[in-house]
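No value in this document is a laboratory result; all are computed from the given coordinates. Since the model is a prediction, treat every value here as computed from it, not as a measurement. Neighbour counts run over all protein chains shown; Cβ positions are idealised from the backbone, glycine included.
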Amino acid sequence: MERASTKGVLGHLSLLETQMRSCRGKHQQLNRTEQLKAKVEALCVQKEQLKVELHTLQRLQKVRSTLDGNGADDEMDDDSENADILQLMAKCARLKDLLHAHHLIGGYDVVKTRQDKGLCITLTTAYEGIYLDTYHLEMDLSPKLRISRHDIPPFIPLNSLVETTTQTALRPFLDFLSQHLNAFTGRKQQLKLVKEQHKSVEVMESNVLCSVLVLLVRVPERKLPVLCILDYTDHSRSLPTGVKFECDDEPPNFEQWKKSCRILLERPVHKALITMKSLGCIV
Amino acid sequence: MEKMSVENKEQVEALEAQIESLQAEVEELQRQKQDNQLDWFHFKGHTREAMMFLCKQRPEQRKQTLVSKLIEEGEELEEDLKQQTQMNGIVLNGITTKTLQSSSRNLIQQICISGHCSDLVFNVEFKLSEVKEADRSERRITEMNVVLDSFEKQNFSIFLSGVEESRDLPLFFRTLRTFSDRCGDRSRAFLHFKDKFPSLVSVPGCCRSEVMTLNHPQIPSFMLFFHWTINVSAEGAVSPHIDLLTKIPKEALKLFPSQPVGGASEAFHSLQRILGTEAAMESIIRAVGLFPDNQSECEA
């Protein structure tokens, strides 16, 4: 203060400034504690909430395992608050899970439409553990069984199939369809895997139905090219029904090619090629 | 002023420590929640509302409306499941799901499904991994393990090891169902003949029997057997095969050393090709029972 009086107006101003600054600092400190307190409060609320959620989940789990038949029975007389809601929830969750399981095992997903006059069916395909394309059918059930819309590839004779199907025997029809679709996606997937895994094998020809596959392989001796023709006459299978080899030069080692033929008839082509390579039949 | 600032500093430190411990607790709880088998994935629609109600996040919700909504949802789901079960011919009893790994991009679950297809009881365990990429996701089954509990499990042994290796879950269930349908055909045929020719035909064992016996009451030592097996190939193709076997005393064979009895099975197969399975069986039964055509035992 004394210094201020001696230094005049400027000094006074600078004094005011320092006072302001210390005041703001104190204020900031207060603000910081407020903030931290708020955070603690928020965390406490979150913690409580999580505890409630966890507790509810655990109770639900208990009810659920009783429903599944592997929980202890004495847990059933849970007459605590909202036990009825828990029961209903566990039931819904179980039903949803079972529907999901039907989907996973490749079941036909069926939805009734237009007051039960129509059906929407989804067919899943899978090959070697990988779920692939799904196909859909929309059917009229009455007055006559009829397919109104679908995305099934045209080479499957759907309409002639439907004519032999009755409303009560939808399953054999769907089984047939599913077998064909799975075989088709299986062949398609094999072709994809051959292209990915076997750079030394050239795919010369294939068709949309994947029922013919012509591969160019090379034998170890002088790298002679040999055409390998796979014929998938049975469209309900993903393995070939016939294998032929064609070679411009002298006929190759007969015994070895007979063995290769057998391998190609018994195994999916991408795997058969691996075996043939390891046996030294091709490079 | 000095004193106050020290006090404040202490307070800030205490609060910070408290926050740290709270954060650790929250994290632990979140981890526990994630580990719980029932994850939030289940809670959609009304179940999600119910969960929020139970967790007191929605005090304004009326309990009665919620209960009736849940009952309605349960009924709809039950109807769906009934339809799915009927369509697939496979009854599922239980599924347990355990999440092994979960992130925004991929999800790995250990799944165990149990159920039955007529009286073939199964238990399938596998790992399902789901990888999300841009606009599509790939689902893949790894490490599949099948337990089949039935009389017919030996028919499946080759197929089962193949299907476990190729992890083709849908193929397993398609084959299981076709097999069960063919078994149904067989037991229906056996039952039909047993009803039509009760004194000649007997089916030893339960309805799953592979054998039907023909025995004329007046010639007890002479017997014919239909051995009807259902084979499952490694690829999963199901094919029935019927053999006709004979049991004739040696003395009788000495008297009639001619071919027909010895080549019974072959003869039956050509008959089967011409007439079809059931008609071929019926004509054999008629021959054994000495019944004229188009007459059942009761009329004769």
**Request:** For helix A:2-68, report the angle its Cα long axis makes with the longest principal axis of the Cα atoms of chain A; keep it between 0 and 90° and round to the nearest 10°.
**Result:** 40
**Asked** Say a site is exposed when it is one of the GluC sites (Glu not before Pro), sits in a DSSP loop, and has at most 11 other Cβ atoms within 10 Å; what is then the longest site-free stretch of chain B?
**Response** B:61-298
**Item:** Unit charges at the beta carbon, dipole of the protein assembly as shown: most positive-side option, A:M276, A:C92, A:H103
**Value:** A:M276
**Message:** Taking amide H atoms as placed 1.01 Å from N in the peptide plane, list the residues 5 or more away in sequence, or in a different chain, whose amide H sits under 5 Å from that of A:I282.
**Reply:** A:K277
**Request:** Select from B:R188, B:R136, B:R208 the residue whose mean-square fluctuation is largest in a Gaussian network model of chain B (Cα-Cα springs shorter than 10 Å).
**Result:** B:R136
**Message:** Ignoring trypsin sites (Lys or Arg not before Pro) that are buried or in helix or strand per DSSP, and keeping those with at most 12 other beta carbon atoms within 10 Å, what is the longest stretch of chain A between them?
**Reply:** A:1-113
**Request:** Could you work out the Kirkwood radius for chain A, taking every pair of different alpha carbons, averaging 1/r and inverting it, reported in Å?
**Result:** 26.7
**Message:** Under the rule of at least 5 residues apart or a separate chain, name every residue whose amide H is placed under 5 Å from the amide H of A:F155.
**Reply:** none
**Message:** From the helices alone, meaning DSSP H stretches of at least four residues, give me the mean residue ellipticity at 222 nm for chain A, per-run term -39500 (n - 2.57), in deg cm²/dmol to the nearest 500.
**Reply:** -18000 deg cm²/dmol
**Prompt:** Which of the lysines could be linked to A:K258 by a straight reach, that is with a Cα gap under 25 Å, when you skip same-chain ones fewer than 8 residues away?
**Reply:** A:K195, A:K199, A:K223, A:K244, A:K271, A:K277
**Asked** Which of B:P170, B:P220, B:P204 moves the most in a Gaussian network model of chain B with Cα springs under 10 Å?
**Response** B:P220
**Message:** So if I place +1 on the C-beta of Lys and Arg and -1 on the C-beta of Asp and Glu, and nothing else carries charge, what would the dipole magnitude of the protein assembly as shown be about its Cα centre? I want it in debye, nearest 20.
**Reply:** 1180
**Message:** Tell me which of A:N82, A:L57, A:T113 sits at the most positive position along the dipole axis of chain A, charges placed on C-beta atoms (Lys, Arg +1; Asp, Glu -1).
**Reply:** A:L57
**Prompt:** For the residues B:I284, A:I147, what sequence is obtained by ranking on other C-beta atoms within 10 Å, fewest first?
**Reply:** A:I147, B:I284
**Item:** Principal axes of the protein assembly as shown: Cα extent on each, largest first, Å
**Value:** 148, 75, 51
**Asked** Ranking B:W228, A:W257 by Cβ neighbours within 10 Å, fewest first, what do you get?
**Response** A:W257, B:W228
**Item:** Derived scalar couplings ³J(HN,Hα) [segment B:109-120; Karplus, 6.51 cos²θ - 1.76 cosθ + 1.60; whole Hz; x for Gly, Pro]
**Value:** 10, 9, 10, 10, 10, 10, x, 8, 10, 6, 9, 8
**Message:** To test your reading of the geometry: what angle, between 0 and 90 degrees and rounded to tens, separates the Cα axis of helix B:2-35 from the longest principal axis of chain B?
**Reply:** 10
**Message:** From the C-alpha coordinates alone, can you work out the Kirkwood hydrodynamic radius of chain B, in Å?
**Reply:** 25.8
**segment A:130-163 versus segment B:161-205: alpha-carbon centroid distance in Å** = 28
**Asked** Magnitude of the Cβ-charge dipole of segment B:180-289, K/R +1 and D/E -1, about the Cα centre, nearest 20 debye?
**Response** 280
**Prompt:** Over segment A:199-278, what relative contact order in percent results from Cα pairs under 8 Å that are six or more residues apart?
**Reply:** 18
**Item:** Exceeding the 32 Å Cα-Cα cut-off - candidates A:K39/A:K91; B:K127/B:K153; A:K96/A:K117; A:K39/B:K127; A:K188/B:K132; A:K117/A:K192
**Value:** A:K39/A:K91; A:K39/B:K127; A:K117/A:K192
**Complete:** dims of segment A:106-185, Cα set, principal axes, largest to smallest, nearest Å -> 40, 24, 20
**Prompt:** Projected onto the charge dipole of segment A:145-230 (+1 at Lys/Arg Cβ, -1 at Asp/Glu Cβ, origin at the Cα centre), which of A:N207, A:N182, A:P220 gives the Cα projection farthest towards the positive end?
**Reply:** A:P220
**Item:** About the Cα centre, charge dipole magnitude for segment B:89-150 (Lys/Arg +1, Asp/Glu -1 at Cβ), debye
**Value:** 280
**Message:** Taking the 0 to 90 degree range and rounding to the nearest ten, how far is the long axis of helix A:269-278 tilted relative to the main principal axis of chain A, both from C-alpha atoms?
**Reply:** 80
**Prompt:** For segment B:130-135, in order, what is each residue's ³J(HN,Hα) by Karplus, 6.51 cos²θ - 1.76 cosθ + 1.60 with θ = phi - 60°, in whole Hz (x at glycine and Pro)?
**Reply:** 10, 10, 9, 9, 6, 9
**Asked** Can you sort A:V219, B:V67, B:V163 so the residue with the fewest Cβ neighbours within 10 Å comes first?
**Response** B:V67, A:V219, B:V163
